[in-house]
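A short write-up of the structure that comes next.
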Amino acid sequence: MYLLAGRTGNGEFLVVPLDSTGLEIAPARRLSFAEFLGEVIAAEEGSPRWVWEDTSRLYPLLLAAGVRVQRGHDLRLCHAILRQSSLTATSDLATAAPSRWDNGLVVLPEEPSPGSTLFDLGFAEDGTAEASSDSDAQAEFRLQLAAVAACAEPGRLRLLLAAESAGALIAAEMQFAGLPWRTEVHDRLLTRELGPRVAPGLRPEKLESLARRIRTELGDPQVNPDSQQDLLRALQRVGLSMSSTRAWELQKLEHPVIAPLLEYKKLARLLSANGWFWMDTWIVNGRFHPEYLPGGVVTGRWATRGGGALQLPKQVRGAVIADDGWKLVVADAAQLEPRILAALSADTAMATAGRGTDLYAGIVASGVVETRDHAKVAMLGAMYGATTGESGRLLPRLARAYPRALALTETAARAGERGETVTTRLGRSSPRPGESWLATQAQAYHPGATDADEGRARSQARDWGRFTRNFIVQGSAAEWALCWMAEIRRELRLLRAPEGTVPGASPVFSDAPHLVFFLHDEVIVHTPTGLVEEVERIVTRAAATAGRHLFGDFPVDFLLTVATVDSYDQAK
DNA sequence: GACAATGGCGCC
DNA sequence: AGGGCGCCATTGTC
């Protein structure tokens, strides 16, 4: 059963029961927020699928009121998928003129003040964004259902839309719950690395002394190590010929300035990216609440906004600490993308290499290459489109051992080079290249085309080929991860903490295990200690379930590394 | 002063 | 001739 929910311009909530084709089976009801909450709680008994425009705008209101839902259908996210998918290319939805569903729903980020994001994830005061009527949302939903029903493989898209929508619920819940974070531990860590905290704009002691050493070694008392131009000129003056100040370029050189400079860069990065200012900005009441953006990356991966949540450096993970009486279950899908590639291409040899073991080790054991590192470099090269270096040299051996897998990546690359799209396992298609790409290609076929024109077109075509080559693997991996998380969430909901559990600090989630972090192929569950083993079982079982959802009976293992820890840095 | 581009680096 | 991101400081431009 579907329940369409929305909000009117004057702040009322609407609920409309719909049948399986999106037709209403009862009239819309207009409700106050309190009535709406009651309606949601009552309706959840029947596990309805809530259909709404934008989970990220409506669901936080429910969470703030202590209400969760089981299933959703996010019209905005699902529209984006169906609009692009090659599986629904001839549908009314995909062939219609662009509408507000294509761009009008994008809400500008508010002031990035994490303290307020929880409870005023707001709605436009004047109701402009909500001027959309419920009938518009209902019409959109019907178009979506029709597009899926008419496509050649509706099962794939149904699963994708359900997974994407579950992801939207999870994203809102994780933002709400937040990642447990101890500011006093973070502060100690920063003080140890950088010296005591100083006023903004000043360098902490250790950075300042490194800066002095750098100036001494370069014989220039003025040089600012934060300025690339400055630094590059100074380096060249002391005879270091280089074209950039990148750390890996510096590492190759011999000079007394190199060591302090590399150290400076490392610490300066820590200070600017995850220093005290970051901590004050993003940690609220012992929780880090980044905003997750499902579907924020073209491939279907998530993006985040605020705090750089997907780039949390290992350096600061020691500050991620479970509440007293609770644990963090950190689970990481081992060699996810190669396993996805093996399954996508039905390459049983590659799947066998990963059966019950580290897939790269399995490749070595099969005699394809000599070391795990070679196996990894070669695989990444196949998926990213490397042509030179060690990776390029190893590729032919990989191609002999795993012809099906390598043929799939090559085919995806060739499609991209021709400007065609590729489609993931569940039906997310890559975007078409833009106008300027097409113009550059056309230019190369022009009668008067120069060698430079052709060179430019070839290089650009190869760039797009690398993109589509990676898209199909990265995007399918993102789908696996969505299914994995959705399954974890579904099973966690059924757990209740045993008697005597110390409540956690998050309302709504204070007595039950819940997801608190997601990083492409890794999740963290915050759980009462008494449920650790059950959570580990759930996470592990969910990986197998996700594999079956995507690839049926194809015999590929999705192995996890699972670590139950007090602090995140203890995992791995 | 506001904004955009760039280099650089963190994560997968 | 290595895919996808977000964020920061510096620098360039209006």
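The values are calculated or read from the model by the stated rules, or taken from the named source; none is laboratory data. Small disclaimer: the values here were computed from a predicted structure and weren't measured. All Cβ positions, glycine included, derive from the backbone under ideal geometry; neighbour counts span all protein chains shown. Ligands, DNA and RNA are stripped out before the accessible areas are found, and what is left, the full protein with its side chains, is counted by its heavy atoms. Shrake-Rupley method; radii C 1.70, N 1.55, O 1.52, S 1.80 Å.
What percent does the relative contact order of segment A:295-371 come to when contacts are Cα pairs within less than 8 Å and at least six residues apart? The partial results should precede the final answer.
On the way: 41 pairs, mean separation 10.4, N = 77.
Dividing the mean separation by the residue count of segment A:295-371 yields 14 percent.
Spin-label point model (7 Å from Cα, Cβ direction): what's the A:Arg305 to A:Arg400 distance in nm?
The two pseudo-label positions are separated by 5.2 nm.
Order A:411-417, A:76-82, A:499-505 from most to least packed using the mean count of other Cβ atoms within 10 Å.
Details: A:411-417: 20.3, A:76-82: 23.9, A:499-505: 14.3.
Top of the packing list down: A:76-82, A:411-417, A:499-505.
Subtracting the Cα-Cα distance from 0.36 nm times the residue separation, let me have the gained length for A:Phe554 to A:Val238 in nm, one decimal. Don't jump to the answer; show the numbers that get you there.
Values: separation 316, 0.36 × 316 = 113.76 nm, distance 6.01 nm.
Working it through step by step, the gained length comes to 107.8 nm.
How high is the FRET efficiency from A:Arg496 to A:Arg432, r the C-beta distance, R0 30 Å, rounded to 0.05? Intermediate values should be presented prior to the final figure.
Details: r = 49 Å, r/R0 = 1.62.
Given R0 = 30 Å and the Cβ-Cβ separation, E is 0.05.
Using θ = phi - 60° and the Karplus curve 6.51 cos²θ - 1.76 cosθ + 1.60, what whole-Hz ³J(HN,Hα) does each residue of segment A:518-529 get, with Gly and Pro shown as x?
Per-residue couplings from phi come out as 9, 9, 6, 9, 9, 10, 10, 10, 9, 9, x, 3 Hz.
With the crude spin-label approximation of a point 7 Å out along Cα→Cβ, what separation in nm comes out for A:Asp102 versus A:Thr191?
5.7 nm
What lysines sit close enough to A:Lys314 to cross-link, taking a C-alpha to C-alpha distance under 17 Å and skipping anything fewer than 8 places away on the same chain?
A:Lys265, A:Lys266, A:Lys572
Just to compare against my own numbers: the Cα pair-distance distribution for segment A:485-570, 5 Å bins, whole % per bin, please.
Here the calculated profile for segment A:485-570 is 3, 13, 24, 24, 17, 10, 5, 2, 1.
When you count, for each residue, the other Cβ atoms within 10 Å and take the mean per peptide, how do A:160-170, A:193-203 rank with the highest first?
Working: A:160-170: 24.5, A:193-203: 12.9.
Put in order of decreasing packing, that is A:160-170, A:193-203.
Would you mind giving the average projected area, over all directions, of the Cα convex hull of segment A:183-280 in nm² with one decimal? The partial results should precede the final answer.
On the way: hull surface 25.0 nm².
That works out to 6.2 nm², a quarter of the Cα hull's surface.
Run the numbers on segment A:215-261 and let me know its relative contact order in percent, using alpha-carbon pairs under 8 Å that are six or more apart.
On the way: 31 pairs, mean separation 14.0, N = 47.
Reported relative contact order: 30 percent.
Provide Rg and Dmax in Å for chain A, with only Cα atoms included in the calculation.
26.1, 81
Would you calculate the separation in nanometres between label points at A:Ala65 and A:Arg372, each defined as 7 Å from the Cα along the Cα-to-beta-carbon direction?
5.2 nm
If I stretch the segment between A:Val198 and A:Asp451 completely, what's the gain in nm (0.36 nm per residue apart, minus their alpha carbon distance), one decimal? Write out the running numbers ahead of the final one.
On the way: separation 253, 0.36 × 253 = 91.08 nm, distance 5.71 nm.
Between A:Val198 and A:Asp451, full extension yields an extra 85.4 nm.
What helices does chain A have that are whole DSSP H segments, at least 27 Å long along their own axis by Cα, and with mean Kyte-Doolittle hydropathy of 0.5 or more? Mind dumping the intermediate values first?
Values: long enough: A:154-177 (34 Å, 0.75); A:451-492 (60 Å, -0.70); A:532-551 (29 Å, 0.09).
Passing helices, by number: A:154-177.
For segment A:222-355, what class follows from the C-alpha gyration tensor (a ≥ b ≥ c being the square roots of its eigenvalues): rounded when a/c is under 1.5, otherwise prolate if a/b is larger than b/c, else oblate?
Values: a/c = 2.40, a/b = 1.38, b/c = 1.74.
Oblate, since a/c reaches 1.5 and b/c is not below a/b.
Taking Rh as the Kirkwood radius computed over C-alpha pairs, what is the Stokes-Einstein D of segment A:447-541 at 25 °C in a medium of viscosity 0.890 mPa s, expressed in µm² per second? Let's see the in-between values first.
Numbers: Rh = 16.7 Å.
Rounded to a whole number, D works out at 147 µm²/s.
Which net charge results when you count Lys and Arg as +1 and Asp and Glu as -1 among the other residues whose beta-carbon is under 9 Å from that of A:Thr440? The partial results should precede the final answer.
Working: positive: A:Arg456; negative: A:Asp453.
Computed value for this residue: 0.
Given 20 °C and 1.002 mPa s, how large is the Stokes-Einstein diffusion coefficient of segment A:13-62 in µm²/s, with Rh as the Kirkwood radius over Cα pairs? Kindly include the intermediate steps, with their values, before the conclusion.
On the way: Rh = 11.8 Å.
Translational D for this selection: 182 µm²/s.
Let me have the relative contact order for chain A, percent, based on Cα pairs under 8 Å that are six or more residues apart. Before the final figure, lay out the partial values.
On the way: 911 pairs, mean separation 89.8, N = 572.
Here the relative contact order equals 16 percent.
Order the following by accessible area, largest value first: A:Tyr445, A:Tyr360. Probe radius 1.4 Å; ligands, DNA and RNA are ignored. Working shown, then result.
Values: A:Tyr445 190, A:Tyr360 15 Å².
Per-residue accessible area, sorted high to low, gives A:Tyr445, A:Tyr360.
Going by average Cβ neighbours within 10 Å, how do the peptides A:346-359, A:420-433, A:242-255 rank, with the highest at the top? Present the calculation step by step, with values, prior to reporting the outcome.
Numbers: A:346-359: 19.1, A:420-433: 21.6, A:242-255: 12.0.
The packing order, highest mean first, is A:420-433, A:346-359, A:242-255.
Kindly state, as a whole number, the per residue volume in cubic angstrom of the convex hull around the alpha carbon atoms of segment A:428-483.
Working: hull volume 3.5 nm³, N = 56.
Each residue corresponds to 62 Å³ of Cα convex hull volume.
Would you mind getting the accessible area per residue of segment A:183-280, heavy atoms of the protein chains only, 1.4 Å probe, in Å²? Walk me through the intermediate numbers first.
Details: 5760 Å² over 98 residues.
I get 59 Å² per residue for this part.
Work out the FRET efficiency for A:Thr348 and A:Val298 from their Cβ-Cβ distance, taking R0 = 25 Å, and round it to the nearest 0.05.
On the way: r = 30 Å, r/R0 = 1.21.
That pair, A:Thr348 with A:Val298, gives E of 0.25.
Work out, in µm²/s and without decimals, the Stokes-Einstein translational diffusion coefficient of segment A:358-473 at 10 °C, 1.306 mPa s, Rh from Kirkwood over C-alpha pairs. Each step should come with its number before you reach the end.
On the way: Rh = 15.4 Å.
Result for D is 103 µm²/s.
Rounded to a whole number, what % of the accessible area of chain A do carbon and sulfur atoms account for, probe 1.4 Å?
On the way: 13370 of 25590 Å².
Roughly 52 percent of what the probe reaches on chain A is carbon or sulfur.
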